[in-house]
Structure formats: C-alpha cells, structure tokens
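> This is the structure I have questions about; it appears just below.
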C-alpha cells in the first residue's frame, strides 16, 4: 500500500516469522483489528527497520522515495535456511485521511506493494547494503500470508519467481473476481451454513431482519430497540428506515464471527471467546418458528453482542453509518409504528443519537445486526478472540443459543429480540457496552471501530483494482436479504460513491479487469504455491480446484 511520504506509511513487511497489522472489511484477515500499539509491544522479538523505496516503481520520470517500515526477526534463522517473508495484509496506514485526492490514492495498489517487497528482498541479498542486514545472494525466500496477504503471497511468487522460491497462501480469495467462476452469494451462503452447523435456528436469523423493521415502524417498537439494545443516542432509531442501521450492525457481527470462528479466545477484531459462533448460537437456537418481533430482535441482539461487546465494556451501540461509521450487521426489523420504534429503541438500548424514529431508520438496526452476524461467521474460531470485538470461542454457536427456538410463528418483538441477543455476542460479549449506536453516520462503524483512518485502505482498493464481486442473495442461498437485486455492480458503485465521493471517486476509477489482467485467474503456469483453507472458514467451499 502506498501513500505520499508525508502521509506516514504503515505498510508492514515481516521477515522470519513475524506478525503484522492488517485492516479490511468483508474479506477480513483475522488480525484486522489488532491494535498498532500492541503490535509493537516491547515483548515482541522483532526489530523495526526502515528502507527507502521509490514512490512509483513504474515510472522513470519521478525519483521520489519514501521510507517503508518493515520488521525483522532473526531468532530462528540458521545459515543456509530460507527467509520467511510475511507479505503483510490490507495495511495499517496512519494519516490516511490526509490523502484527499485520487492523485495520492493512486499509489495504493497491490502491484506497487509487490514492487516494494521486491526492492527490499533485493537489498537484503546485496552485500554491504544500506540495511545493515544481509543474506547470501542465493538464499531462498518463502512468502506467506492470509486473506489479502495470501493473495499477495501467491501473486508475489507469480510475478517475481526469480526472487520468491515459494509461497504459502492461506484463505486467499484468488478467484473472487469477474470471470473467476465464483457465485456472488458464496460468502453469505457459507456464513449461513456456519451458523446452521453451530445449531442456530435459521428461521430466527432470517426473520429477525423484518422483525426489526416492523418494530422500527412504531414508537413503541423504536423505544424497545433503542432502549433494550442500548442504541447510542446519536444513532437512535427514529424511523423504519433507521432499522436498517441495526440490521447491518447485527449482520456485521454475524459475518465477522464466522470469519474468526477459532477454537481459542482472540482479540484482533474484537475480544472474542473460542468458537464465537457457537457462543452466539446459544441465543438463537430456540426451536420453532412462532416468535414475536421483540423476541426475534432480542435473540439477534444477544448473539451479535458476543461480537460487539463480549468484554462487557461497550456503553452504546452506534448503529447509524452516517453518524458512527458503517455498523454493518443489523436486522431488517420494524419501523412504521410508534409502539414498535419505542420497543426497539428501549429494548435494544439504542444510543439516543441514533434512535429509530421512522420506518426507514429500522434499516440501521438491520444492518447493525447483519454486520454482527457476518463478522461472527468470519471469525468463528474455537478460542476467544479480540481483534474485531471481544468474542468467545465459537461465537456463532454462542449467538445461536439465542436463535435456536423451534417453530416459525413468532411475533416481531420476539424475532427482533432473538436477533439482538445473538448479535450482542459480537457487539457486547464483554458486557461493557452501554448503548448500541446503529447509525454509522453518527457513530462510525462499530464493527471495525478500532481501525480508525486505516479502515479506508482496503475499501479503496476494492473500489479501484481489487473489485470483489459479492453480495447476499437471501432466499435459499443465505439468511440475509437479497441485496444483489440482479445488479451487484450498482450496489458496489453506490457503496464506493458513498465512501469516496469526497475523493472525487467515480466509476471510471474502477477497473473490474485489473486482477484478471495483472495476475490472471488460473494458476496452471505457476509453481511452488501452497493454498490452504481451514475446514470451517467462511470462504472455503464452492471454490473450483486450481
């Protein structure tokens, strides 16, 4: 990742078994929210180094350089052994928001990053170099990384085979591009199966979205949501449409827990328990299909709270993306009647700044819940984690404990409550969250709040060269709603315009063919690349063999 020198680069390169800071949205590496300061803790055994590289490797008319930060650890190195080169991930970039034009943002590309790495490796293999560290010119170099870092590792071997002997690419979505043969709904389809495997009642999750919109339609329902789910006052649900903030807020938690569903506790997204999906599913495993909206919403909240507040320190849930950032997972609940809005705002402890005041506000809650659901699926590890939110092991299973009630006849309040309880596994597993701020415009994105300015790095790449074509289809594909609507391109363009309009972004900046042209969608001509996928990871199935 590249920015101008004055916009401090925090692109991380690691040598010899190092860990780096990362950030992303949907294809999130498990370490996405590992805090920068903890990453450089004095107990770590690496040394921080700097290396001047060209700002633009592909022009001969500009010799500008910038200092690239990299980490070095020689603890386990033995003469004659290889260099293990960690290719970083989406990158922790400080001062990102000061790069307010496409002219500067244009340096933020995978090919520039790979060229940086190539320059560093070349220097390391040069005797009497500027680094004060050198290796034999014939030393073998093995690149490795996960998620986007896995893509970089594979591409590094493909583009620079004379420098990279081999690559280990873990959970790398190398084919999730135009022409790659991957269905747009694969991610959320696998997220859904992750929760079903953890004993979540699919009916509860699938119907909690509309339950929340129903509650967002009334004053009572909004009060229930804002109060019960501790919605941040700046993101109160005031209309039915505001309920979407909560839906995306919950959805983010659900997806992220599935992504980091490790068998041990983690803390790189949020502090999470081992198997956070299992923990979340404890709130959504009630049998049946006859629940009131309040119950459905509450079950979803409790499940998402495993993600957002497993540590118990979150005061409010800010669910309005326009006020708090992108809350993500939330439930398509309820937003037309005053009674329903009162229920939602009160029952779900909606932050007063993001109260559900209209039916449309209910979408804030839906997206808030959806974010929790998706994120829990993304980080559904068997151990506690904390890199997105403090989560238990198998967070999806924990969340599903609130959504496993059998049946299909539930009141809106019951459905919304079950969803709330499940999403709460993500947002408030720690029990410290006071309010749920479901309006991203007022509270920011609670699902990725700790990323700060660095949260823009990966979305920018997705809106330029690494255009991953994915969306929820709903119906038989997954338990979300159909956001593809037959035109995923329009959805992606709208998202990019909303996020980067101030950067003068237009669809003309978008290059759908960038990855297929730069790296190709076949590895038949490549060698020495190991592709690994964990059996429960959300990105694992339905991918064709290479």
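> List pairs: first residue in the range 293-306 and farther than 19 Å from residue 434 by Cβ, second residue surrounded by fewer than 24 Cβ atoms within 10 Å (Cβ to Cβ) anywhere in the structure, Cβ distance under 6 angstrom, at least six positions apart or on different chains.
Close Cβ pairs satisfying both conditions: 293/411.
> If I filter the range 497-506 for residues that are assigned to a loop (DSSP other than H, G, I, E, B), in contact with a helix residue (DSSP H, G or I) (Cβ under 8 Å, 6 or more places away or on another chain) and closer than 25 Å to residue 189 by Cβ, do I get at least one hit?
no
> Every residue in the range 381-408 that is under 12 Å from residue 205 (Cβ atoms) and outside any helix (DSSP H, G or I), please. Lay out the reasoning, then the answer.
Taking the range 381-408 and keeping what is under 12 Å from residue 205 (Cβ atoms), we get 396, 399-400, 402-405.
Once the filter is applied, which keeps residues that are under 12 Å from residue 205 (Cβ atoms) and outside any helix (DSSP H, G or I), the range 381-408 yields 402, 403, 404, 405.
> Would you check if residue 118 is surrounded by fewer than 23 Cβ atoms within 10 Å (Cβ to Cβ) and either at pLDDT 95 or above or closer than 17 Å to residue 55 by Cβ (or both)? Before the answer, list the steps.
Working: surrounded by fewer than 23 Cβ atoms within 10 Å (Cβ to Cβ): yes; either at pLDDT 95 or above or closer than 17 Å to residue 55 by Cβ (or both): yes.
Spelling it out, residue 118 is indeed surrounded by fewer than 23 Cβ atoms within 10 Å (Cβ to Cβ) and either at pLDDT 95 or above or closer than 17 Å to residue 55 by Cβ (or both).
> Taking the range 219-239 only, how many residues are under 19 Å from residue 418 (Cα atoms) and either touching a helix residue (DSSP H, G or I) at 6+ places or on another chain (Cβ under 7 Å) or part of a helix (DSSP H, G or I) (or both)?
Residues in the range 219-239 being under 19 Å from residue 418 (Cα atoms) and either touching a helix residue (DSSP H, G or I) at 6+ places or on another chain (Cβ under 7 Å) or part of a helix (DSSP H, G or I) (or both): 12 in total.
> Among the residues of the range 148-193, how many are crowded, with 24+ Cβ neighbours inside 10 Å, over 16 Å from residue 521 (Cα atoms) and touching a strand residue (DSSP E or B) at 6+ places or on another chain (Cβ under 8 Å)?
Final tally of qualifying residues: 3.
> Assess whether residue 290 counts as being part of a strand (DSSP E or B) and either crowded, with 24+ Cβ neighbours inside 10 Å or over 22 Å from the mean Cα position of the chain (by Cα) (or both). Give the derivation first.
Numbers: part of a strand (DSSP E or B): yes; either crowded, with 24+ Cβ neighbours inside 10 Å or over 22 Å from the mean Cα position of the chain (by Cα) (or both): yes.
When the stated conditions are applied, residue 290 passes them.
> Please list, ordered by residue number, the helices (runs of 4 or more DSSP H) wholly in the range 409-490 having 3 or more residues that are outside the structural domain of residue 238 (by TED's automatic domain parsing) and either farther than 19 Å from residue 255 by Cα or at pLDDT 85 or above (or both).
On the way: elements: 412-428, 440-443, 457-462.
In the range 409-490, 457-462 are the helices (runs of 4 or more DSSP H) which contain 3 or more residues that are outside the structural domain of residue 238 (by TED's automatic domain parsing) and either farther than 19 Å from residue 255 by Cα or at pLDDT 85 or above (or both).
> Which count do you get for residues in the range 511-538 that are more than 17 Å from residue 169 (Cβ to Cβ) and crowded, with 18+ Cβ neighbours inside 10 Å?
Of the residues in that region, 2 qualify.
> While we're here: So which residues in the range 29-65 are modelled with pLDDT under 90 and surrounded by 17 or more Cβ atoms within 10 Å (Cβ to Cβ)?
Scanning the range 29-65 gives 29, 30, 31, 32, 33, 34, 35, 39, 46.
> Given the condition on the phi < 0 side of the Ramachandran plot, in a loop (DSSP other than H, G, I, E, B), assigned by TED's automatic domain parsing to the domain that holds residue 157 and without any contact (Cβ under 8 Å) to a residue 12 or more places away in the chain, answer yes or no: does some residue in the range 108-122 qualify?
The initial filter retains those residues of the range 108-122 that are on the phi < 0 side of the Ramachandran plot, namely 108-122.
Right, trim to in a loop (DSSP other than H, G, I, E, B) and you get 108-109.
Now restrict to residues that are assigned by TED's automatic domain parsing to the domain that holds residue 157: 108-109.
Filter once more, keeping what is without any contact (Cβ under 8 Å) to a residue 12 or more places away in the chain: none.
No; the residues of the range 108-122 include none that is on the phi < 0 side of the Ramachandran plot, in a loop (DSSP other than H, G, I, E, B), assigned by TED's automatic domain parsing to the domain that holds residue 157 and without any contact (Cβ under 8 Å) to a residue 12 or more places away in the chain.
The values are calculated or read from the model by the stated rules, or taken from the named source; none is laboratory data. Predicted model, so just to flag it, every value in this text is computed and none were measured. Positions of Cβ are backbone-derived with ideal geometry, glycine not excepted, and every protein chain shown enters the neighbour counts.
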